[in-house]
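Okay, structure first, notes after.
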Amino acid sequence: MSDVLIKAALKETLQDLGVEGAEIHLERPRDPGHGDWATNLPLTLASRLRKAPREIAQEILDRFDAGSAGVAAVEIAGPGFLNFRLSSGAVAGVVPQILAEDLSFGRSSGGADQPFMVEFVSANPTGPLHLGHGRQAALGDAISSLLEWTGWDVHREYYYNDAGRQIDLLTKSVWARYQGLVGGAFEFPEDGYRGEYVVDVARGLLEEEGERFRDDRSTEALSEIQRYAVRVLREEQDRDLADFRLAFDRYYLESSLYTDGLVDSTTRALEETGLVYERDGATWLRTTEYGDQKDRVMVKSDGSPTYFLPDVAYHMTKWERGFRHALNVQGADHHGTVSRVRAGLQALGLPEGYPEYVLHQMVSVEKGGEEEKLSKRAGAYTTLRELYREVGVDVTRYFLLMRKPEAHLVFDLDVALDQSEKNPVYKVQYAHARMCSIFRKGGLEEEDIRVEGAALESLSHPLERDLIKRLADFPGTVERAAGSRAPHVLCDYLEQTAGAVNSWYHAGNPSRSPELAVLAEDEGLRKARLALARSVRIVLRNGLEVLGVTAPIRMDRPEENEDA
């Protein structure tokens, strides 16, 4: 990579100047007219060398081996910046690497194959998945993929909250709807689930079991109804997740924490810390010792545990299963659980900041500038299934990823249903399909396109240089997005790169004939442009794969833009 070569040459230059251990930082100038790379190194060395930054910059420039770094020119700018302009050959030097690495271009090994658990979705099995669950699904899967691409051994886990008050309310709600169907006496629970799907579950129960639960509120009857309702709704959620291209390594049941005695053993372990006390008939943990805003109740006065206990017990299993790195993707309404869960884990000896959290804001759907409800089956919310059936899985996934998790997401149906390049995911997919159309309409097999005989140094047009530099930035973008747990960084990159692809393609394609976009009479230039087109296809395909979005090789499009 060109930045690596420049850093190596700068390091040798500093050694000539007697400077050791200086940190060398390169970045892309905001204005491409200022060069390909820039450094503020002279400014950072000014106090150390007791010289003016521009004087230091001149000394570096005088000793810098530009040829070894593939640099055509170095300029001093402003108070002491150094701007580097690469030779055309150096710019295009990444093309052979992209073609050679192909499916693995953009992968790195920083994670050193260490285990990393990502827990996401983790919805109560009390109803269909809503849009918040969808955002978690897209975020969790994309973050997991980013971590895998940067060398981590990722384990995807779904924590099923199949115990507690919400499950009890679901059971009573299904029982009440069932009684309504069989003519039994019932009173619907005040905080029960009122969506049409509860009636569907009750109908299924009637078909499967007949009227044997009529007016029966025994513990045994309610337990059977609960098992049936949870099973049916879990199966529905699993179908939605599979349709959304999600697969988990494990589904962990909250109920198993009780049946396996882990809640009780966690209680005893916390009691042994000396931080547990009794107040108002309840058992408390002094979580304020670890930065929590207030102490937390472990066991209520009626003897039942709060959510705090199973949460701590569950996260202890993550640690005990060898996951020293763990990340939870949850809605912003879980903000209050972060400090108390971490405090409970610290009390048991785990490190501060375990686990990591990505908390996302809510999702709303709009059409024509007004909030849209796609259906009322789930009661008060639109389901994930309704959304991806309306606009497709690719669009849904991409739209749920293209904004920062901490920002409220407005899902614009008008844009999502637009099949032109005004739709950001189509913009990227069309750019990918265009490259495939070049090979197809030119009668070429992509695998036969190589760099042998290609005059890569002839790729000197500003649009070509800009495009190649963007392709070279792909591995760094993946690392940056993985490190910040931010898939939207990759979305931004793909959209900007697709824009550069389209500018290059159309600039060389005045007749709008795809095979002419990269073909030229000169064989070396023709091979170079074909190699560039294949490099574009590789990068766009790999980027979309990270996000869980398909990379079509051919797309139907409006007639006025029909060239992909």
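Evaluate the relative contact order of segment 305-427 (contact order divided by residue number), counting alpha-carbon pairs under 8 angstrom at least 6 apart; express in whole percent. Intermediate values should be presented prior to the final figure.
On the way: 126 pairs, mean separation 27.3, N = 123.
Contact order relative to length: 22 percent.
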**OP:** Quick one: compute the contact order of the chain, relative version, from alpha carbon pairs under 8 angstrom and 6+ residues apart, as a percent.
**Re:** 16 percent
Subject >> Estimated dipole of the chain in Debye, rounded to 20 [Cβ of Lys and Arg +1, of Asp and Glu -1, Cα centre] >> reply: 720 debye
**OP:** Just list whichever of K367/K404; K172/K294; K11/K51; K11/K527; K422/K469; K441/K469 have alpha carbons separated by over 29 Å in the model shown.
**Re:** K172/K294; K11/K527
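Counting pairs of alpha carbon atoms under 8 Å apart in space and at least six apart in sequence, what relative contact order in percent does segment 165-243 give?
Working: 65 pairs, mean separation 28.4, N = 79.
Relative contact order, segment 165-243: 36 percent.
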Subject >> Charge dipole of segment 200-244 about the Cα centre (unit charges at C-beta), most positive-ward option of G204, I225, A242 >> reply: I225
Subject >> Karplus-derived 3J(HN,Hα), 6.51/-1.76/1.60, for each residue of segment 163-173, Hz, glycine and proline x >> reply: 9, x, 4, 5, 5, 4, 5, 4, 4, 5, 5
**OP:** For segment 449-463, take each phi angle, set θ = phi - 60°, evaluate the Karplus expression 6.51 cos²θ - 1.76 cosθ + 1.60, and give the result in whole Hz per residue in order, putting x for glycine and proline.
**Re:** 7, 10, 8, 4, x, 8, 8, 4, 5, 7, 7, 10, 5, x, 5
Original post:
Quick one, which of (i) -0.44, -1.04; (ii) -0.62, -1.27; (iii) -0.56, -1.09 is the actual log10 I(q)/I(0) by the Debye sum over Cα atoms at q = 0.07, 0.11 Å⁻¹ calculated for this model?
Top reply: (iii)
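In the chain, what % of DSSP beta bridges are antiparallel (nearest 5)? Walk me through the numbers on the way to the answer.
Details: 21 of 43 bridges.
Bridges in the chain are about 50 percent antiparallel.
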Original post:
Check Y252: other-chain or 5+ apart residues with amide H under 5 Å from its amide H, H built from backbone geometry?
Top reply: Y158, Y159, Y160
Original post:
Cα axis of helix 2-16 to longest principal axis of the chain: angle in degrees, 0 to 90, nearest 10?
Top reply: 70 degrees
Original post:
In terms of modelled amide H atoms, which long-range or inter-chain residues lie less than 5 Å from the amide H of H130?
Top reply: L384
**OP:** Please get the size of the charge dipole for segment 424-561, origin at its Cα centre, with Cβ charges of +1 on Lys and Arg and -1 on Asp and Glu, quoted in debye to the nearest 20.
**Re:** 280 debye
Subject >> Karplus-derived HN-Hα couplings along segment 79-85 (A = 6.51, B = -1.76, C = 1.60, θ = phi - 60°), whole Hz, x at Gly and Pro >> reply: x, x, 7, 10, 10, 10, 10
**OP:** Report, to the nearest 10°, how far helix 219-243 tilts away from the longest principal axis of the Cα atoms in the chain, using its own Cα long axis and a range of 0 to 90°.
**Re:** 20 degrees
**OP:** Over all alpha-carbon pairs in segment 165-243, figure out the percentage whose distance exceeds 22 Å.
**Re:** 17 percent
**OP:** With unit charges on the beta carbon (Lys/Arg positive, Asp/Glu negative), name the residue among A533, I438, P424 whose Cα is farthest towards the positive pole of the charge dipole of segment 424-561.
**Re:** P424
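For segment 243-341, state which GluC sites (Glu not before Pro) are in a DSSP loop and have at most 16 other beta carbons lying within 10 Å of their beta carbon.
E272
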Original post:
In terms of modelled amide H atoms, which long-range or inter-chain residues lie less than 5 Å from the amide H of S108?
Top reply: T150, G151
Original post:
Taking only Cα atoms, what is the 0 to 90° angle, nearest 10, from helix 53-63's long axis to the longest principal axis of the chain?
Top reply: 60 degrees
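Throughout, read-outs are computed from the coordinates displayed, never taken from laboratory work. Note that this is a predicted model, so its numbers are computed, not measured. Cβ: placed from backbone, ideal geometry, glycine included. Neighbour counts: every protein chain shown.
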